[in-house]
Amino acid sequence: MSAREDNPLDVKMPPLKITCTSVDCEHNLHCFLKRRGMRVEDHGSCRACGAKLVDWRRLHRRDPKDTENTFKSLKFETIRHHMWHVPLDEDALRKAYNQGRTKLHADVVSRLRSSIGKAAGGFDGRQTPMQGRAVYYAQHATATCCRKCLEYWHGIPKDRPLTDKELAYATILVQAYLDDRLPDLDDDPTPKALQKKTKRKETLGYK
Ligand SMILES: [Zn+2]
Ligand SMILES: [Zn+2]
């Protein structure tokens with residue numbers, strides 16, 4: 001992975017404004033969303049530098065046993081990398097600890113169904129906030145935030161509702177992200193855990 005990946009200092013301060021099409025190609029952070037007018041043979045390469053880093057056929061198989069490669073690939077895209085590493089906001093953390101892992105996981109399906117279950121409409125691309133709940137971070141990080149991202153990352157056409165199998169796959173990705181980012185979350189609600197965590201952060205600095 002890039003040097004950036006290994007250096008926590010680089011992810012401490014989020015860039016001023018990250019959008020879906022942000023790139024930082026020098027740091028191996030790209031955007032694979034196709035540009036208008038892009039040649040068909042260039043689809044799937046970085047829209048800014050042309051880097052070909054993702055095995056799209058492998059990604060589009062949507063194999064739940066291949067998530068390690070899927071996550072590695074997602075992190076080559078600036079917006080995903082950012083959402084994978086940026087500290088979750090206080091509100092999102094508080095809600096997660098108030099819910100506990102079991103409830104947090106259980107809520108994922110209904111959140112995915114309501115945000116991306118239907119075919120893409122005019123609101124597509126704006127249905128998932130950037131902060132406020134851990135699941136929002138998870139959706140951006142795993143490209144399950146909108147039907148456009150779901151289409152190019154996971155090969156699911158955006159003009160029809162999701163099948164149960166596709167929804168189940170998206171759920172696995174989101175839950176895996178939540179476990180990765182909140183490794184000390186108990187199954188049951190533990191509002192106190194957050195207080196301890198916040199205090200520790202204050203004493204020790206970031207992380
Ligand atoms: Zn690039
Ligand atoms: Zn999206």
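The values are calculated or read from the model by the stated rules, or taken from the named source; none is laboratory data. These figures come from a predicted structure and were not determined experimentally. Backbone-built Cβ (ideal geometry, glycine too); neighbour counts: all protein chains shown.
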Q) Taking the stated definitions as given, is Thr19 more than 11 Å from ligand 1 (Cβ to nearest atom), assigned to a helix (DSSP H, G or I) and touching a residue at least 40 places away in the same chain (Cβ under 8 Å)? A) no
Q) Within region 122-143, is there a residue that is more than 15 Å from Leu178 (Cα to Cα) and more than 12 Å from ligand 2 (Cβ to nearest atom)? A) yes
(Q) Residues that are more than 16 Å from ligand 1 (Cβ to nearest atom), farther than 25 Å from His43 by Cβ and in contact with a helix residue (DSSP H, G or I) (Cβ under 9 Å, 6 or more places away or on another chain): does region 137-157 have at least one? (A) yes
Q: Select from region 153-165 the residues that are under 23 Å from Glu77 (Cα atoms) and either surrounded by fewer than 20 Cβ atoms within 10 Å (Cβ to Cβ) or touching an Asp or Glu at 6+ places or on another chain (Cβ under 7 Å) (or both) and list them in ascending order.
A: Gly155, Ile156, Pro157, Lys158
Q) Hey, Pro183 hits all of (1) outside any loop (DSSP other than H, G, I, E, B); (2) modelled with pLDDT of 70 or more but one; which does it fall short on? A) (1)
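Are any residues in region 69-88 part of a helix (DSSP H, G or I) and either within 16 Å of ligand 1 (Cβ to nearest atom) or not aromatic (Phe, Trp, Tyr) (or both), and if so, which ones? Break it down stepwise before answering.
Within region 69-88, the subset part of a helix (DSSP H, G or I) is 69-74, 78-85.
If the condition is that a residue be part of a helix (DSSP H, G or I) and either within 16 Å of ligand 1 (Cβ to nearest atom) or not aromatic (Phe, Trp, Tyr) (or both), then Asn69, Thr70, Lys72, Ser73, Leu74, Thr78, Ile79, Arg80, His81, His82, Met83, His85 are the ones that fit.
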(Q) So if I check each of Asp91, Asp66, Asp107, Asp124, which one is in a loop (DSSP other than H, G, I, E, B) and more than 14 Å from the chain's Cα centre (by Cα)? (A) Asp124
Q) Taking the stated definitions as given, is Ile156 within 16 Å of ligand 2 (Cβ to nearest atom), at pLDDT 95 or above and of a type in the set (Val, Ile, Thr)? A) yes
Q.
Among (1) charged (D, E, K, R); (2) within 16 Å of ligand 2 (Cβ to nearest atom); (3) modelled with pLDDT of 95 or more, there is one condition Lys34 misses while meeting the rest; what is its number?
A. (3)
Q: Identify all residues within region 24-57 that are within 17 Å of Thr142 (Cα to Cα) and either assigned to a loop (DSSP other than H, G, I, E, B) or polar (S, T, N, Q) (or both); write none if there are none.
A: Cys31, Phe32, Leu33, Gly44, Leu53, Val54, Asp55
Q: Tell me which of these Ser114 doesn't satisfy, since it passes every other one: (1) assigned to a helix (DSSP H, G or I); (2) touching a residue at least 40 places away in the same chain (Cβ under 8 Å).
A: (2)
(Q) Cβ-Cβ distance below 6 Å, separation of 6 or more or different chains: which pairs start in region 140-151 with a residue that is more than 11 Å from Leu112 (Cβ to Cβ) and end on one that is more than 8 Å from ligand 2 (Cβ to nearest atom) and of a type in the set (Phe, Trp, Tyr)? (A) Ala141/Trp84; Ala141/Tyr177; Ala143/Trp153
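Within region 157-180, how many residues turn out to be in a loop (DSSP other than H, G, I, E, B) and more than 15 Å from Ala143 (Cβ to Cβ)?
Going through region 157-180 one residue at a time, the tally reaches 4.
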Q. Which pairs have Cβ atoms under 6 Å, sit 6 or more apart or on different chains, and link a residue in region 153-169 that is among the β-branched types (Val, Ile, Thr) to one that is not in a loop (DSSP other than H, G, I, E, B)?
A. Ile156/Leu150; Ile156/Glu166
Q) Which pairs have Cβ atoms under 7 Å, sit 6 or more apart or on different chains, and link a residue in region 30-52 that is more than 10 Å from ligand 1 (Cβ to nearest atom) to one that is in a loop (DSSP other than H, G, I, E, B) and of a type in the set (A, V, I, L, M, F, W, C)? A) Leu33/Cys20; Gly44/Phe32; Gly44/Val54
